[in-house]
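The values are calculated or read from the model by the stated rules, or taken from the named source; none is laboratory data. For clarity, every value in this text was computed on a predicted model and none was experimentally measured. With ideal geometry, Cβ positions are generated from the backbone for all residues, glycine too; neighbour counts draw on all protein chains shown. Quick note on the areas: whole protein, heavy atoms, side chains included, nothing else; ligands and nucleic acids left out. Shrake-Rupley method; radii C 1.70, N 1.55, O 1.52, S 1.80 Å.
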Amino acid sequence: MLERGSLPDTFWYSTKRKLLGPPLVNQDLGEQRLSKPLALGVLSPDGISSSAYGTEEILIALVPFVGLAAFTLLLPMTLVVLFVMVLVLLSYREIVMVYVRPGGSYVVARENFGPRIAQVCAVALLIDYVVTVAVQIAAGTAAVASAFPAVGRYKLEICVGVVLLMAFGNLRGLKEAGRSFAVPTYLFSGAVILMIVVGLVREIIGNLPVYHPATLHGAYHLGSSSDGLLSAAMIFILLRAFANGGASLTGIEAVSDAVGAFRPPEGRNARKVLMTEGAILGILIAGISWLAHATHATPRTAGYPTVLAQEAQYVFGHTFIGQVLFYVVQGATMLILYTGGNTSFNGFPFLTSYVAGDSFLPRWLLKRGHRLVFSNAIILLTISSVALLIIKDADVNSLVPLYAIGVFTAFSMAGFGMARYHSQHRTPGWRRRLIINFSAGVLTVIVVGIFAVVKFTEGAWLVVVLFLILVPALIRLNREYADETDVLETISENQPPPPPHYSRRTVFVFVDSFDLATLAALRYARSMRPTTIRAVHFVIDSVRADKLRDKWIRADRGVPLDFIDVSDRRLTRAAAELVEREAADPATHVTVVLPRRSYSALLGRLLHDRTADKIAAVVSRIPRSAATIVPYDVTSRVRVLQERQAAKAANADASAEQKVTAREIDVAAEHAAPAAESPAEPSAPVRGQVKGRDPGAPNGQRAAKPGAPDRQGMSKWRRDDGESAPAAVSPIGSLDMPGRAVVEGRIRVVEIKPVERNSVLACEISDGTGALTALFYGRSHIPGLVCSARVRLRGTVGFRADGHPVMINPAYELLFPAL
């Protein structure tokens, strides 16, 4: 067995370690409980930051059609948006009191409608998280361009760079629970509220400037619609404006996704934070809309300066203090928008892990990476959001149509889910709560319908198509997992069939060329001790086949090489026919060994045509047959061979020329054969073990019989001879002589090995300097001794023939249990 350090790290792992830092272990997973002020700052950026562009989106829908009347219609449209916000807040106020577990709308839908219907909510939230990153980063960059117009031409590059920087930080394990993430929320809220107050004061005293949009360079063209308010065209325009303004409500559900992170009582504290966030958001939306109405701040076609930036410029003026406050507002806007975008890098991975845990997404999304974050989900979110930014050229107005459909779909699922909950449980006051949640569900469904209709040609069609594709796809994937689970349960309930006994075992080694990989495959095939070994080459090039025949004859490997003509070049079909003919006899089992030269992951994708995988897939479906792919790392094995040649040449006569022998090639090939798949062999004897005695037992005690209880396997030290346990802990790598020792480390491997009608529990521990195996005879399980647990062992150390240290029936102490 290779000790740590004897196998060098790959280039990619070394690079990842340098970029992301050292790997974390499961015990480093921590949970921070949030106070109400800290929770408000950490969980609110996504919701509160939406006020920065909600008013502007309403004006973009109105100004080109109704002209200056847009600033009059802005106020009632804002009131409608605020009414929807209040109803949604009241709905989520009930949710946080009932569902303390993370998951928010998805958990509500799953618990009340079942996991299949909940996938509608899952898809809605997944789309929302992706678009949130794009919208928030694009809006934050627009705030930067409003303060520094020269960077406006590079807004796409800046957005992509910010997303990649966020991905890098989150792959390193960036946490949102830190106090620094709460600063943008309070800074933005304070700066904008100050702007609103100063603007109202200046309006009251009559010195707030008012600009005519026609005089503003780059502003949207003023329309002059003469249609009445009740005309079809005007109704459509108003609906579009409302749909744009609905973007102001995105993100207010973030508190419901993290109720479990609050200090007790979680539900009550979460409710207070949610309502406080709603109050702040309402003040900001109303204030920004009023100042836009008062100053006629008009959106620009380039996306900057933003309406909020124009308001700050008009309100604070061009004095030195006014300019400082203007840049403070823009800086705070940038920070909260970027922070709001970063919330998706926390919410998206956890949502995908919940959905994958329900078997509706691939299980690789459950895997934590190098720094204990869901790396695969973070990378998936990064790729999706960057692609969206590039497609939409980082334009906020182009991204908004994709934004709110997913959010309001989740709102409606949560509202209807809570209405169902109240109708079933009927707790005190359930009728009032049912009316609130049901009304919120109905209203948000109407909003979703409005979005789908008025924004269909602007990009909403894509979201609808994604729903139609992804929801059935997730359900289909779940069905595949469910079928597999049912089969496994059926197998586990029945007695396992007796192992098959084949009188004849045939091994085919498929040979493409004569190289070290082929020799490794032949050695592995011999290790299986089959009845017959045959090397097979499928002829698709007669010249190449003749060269292979000459090399094979000269090498004289002792294995016949058959040549099978494949005129139609269908290698998988030819392989299947060969195996089917051989396996037609019920007493014959066929194994196909496929050598494959291995390369790095990227280079391998370019150099491999996956023929071996295709053949293995076909052969594995044939009864009484199996396929094994034997990878061979040519570069490392050639390096080993060259080092051995150099060592021999240094010891030999300088005039003698060293030649590579066939035996050396076999030795190099032997290193490539997968030892884990070779037939089990009797374990090597342990040096230092006394016959009839347990090396780990005190003098005079006999070794434990198979099946006897392990009296020394205590969670604390226990000695029968009164001797105290050694205090010093020895590094495993320093053990070089038999004798008593105390070691500690983390359990890497736990195996149960059959031994003469009984079993032995083998636990391999590692402390970074080496590895040691502890053998517990007569045991198949010891509570606490599982992978990743940290233990301390005391006993007599022996050594196997290969130098690996072993303890038999040692006393143990569980230092840190596995998570």
Exercise. Spin-label point model (7 Å from Cα, Cβ direction): what's the Phe816 to Leu194 distance in nm?
Worked result: 4.6
Seminar exercise, completed: For Ala627, other-chain or 5+-apart residues with amide H closer than 5 Å (H placed, Pro excluded) are Val592
For this session: Please list, in chain and number order, the residues 5+ apart from Gly369 or on another chain whose amide H is under 5 Å from its amide H, with Hs placed from the backbone.
Result: Phe374, Ser375
Exercise. Going by accessible area, probe 1.4 Å, with all protein chains left in place, what is the ranking of Glu94, Glu111, Glu643, largest first?
Worked result: Glu643, Glu111, Glu94
Exercise. Protein chains only, probe 1.4 Å: how do His537, His318, His296 rank by accessible area, largest first?
Worked result: His318, His296, His537
For this session: Return the subset of Lys551/Lys614; Lys367/Lys455; Lys155/Lys455; Lys36/Lys392 for which the Cα-Cα distance in this structure is over 31 Å, preserving the input order.
Result: Lys367/Lys455; Lys36/Lys392
For this session: Calculate the length of the line joining the C-alpha centroid of the stretch 132-171 to that of the stretch 290-351, in whole Å.
Result: 13
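Subtract the Cα-Cα distance of Gln645 and Ala482 from 0.36 nm times their separation in residues, and report this length gain in nm to one decimal.
My answer for the length gained is 53.2 nm.
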Exercise. Using a Förster distance of 45 Å, how high is the FRET efficiency between Leu216 and Phe350, based on the Cβ-Cβ distance and rounded to 0.05?
Worked result: 0.55
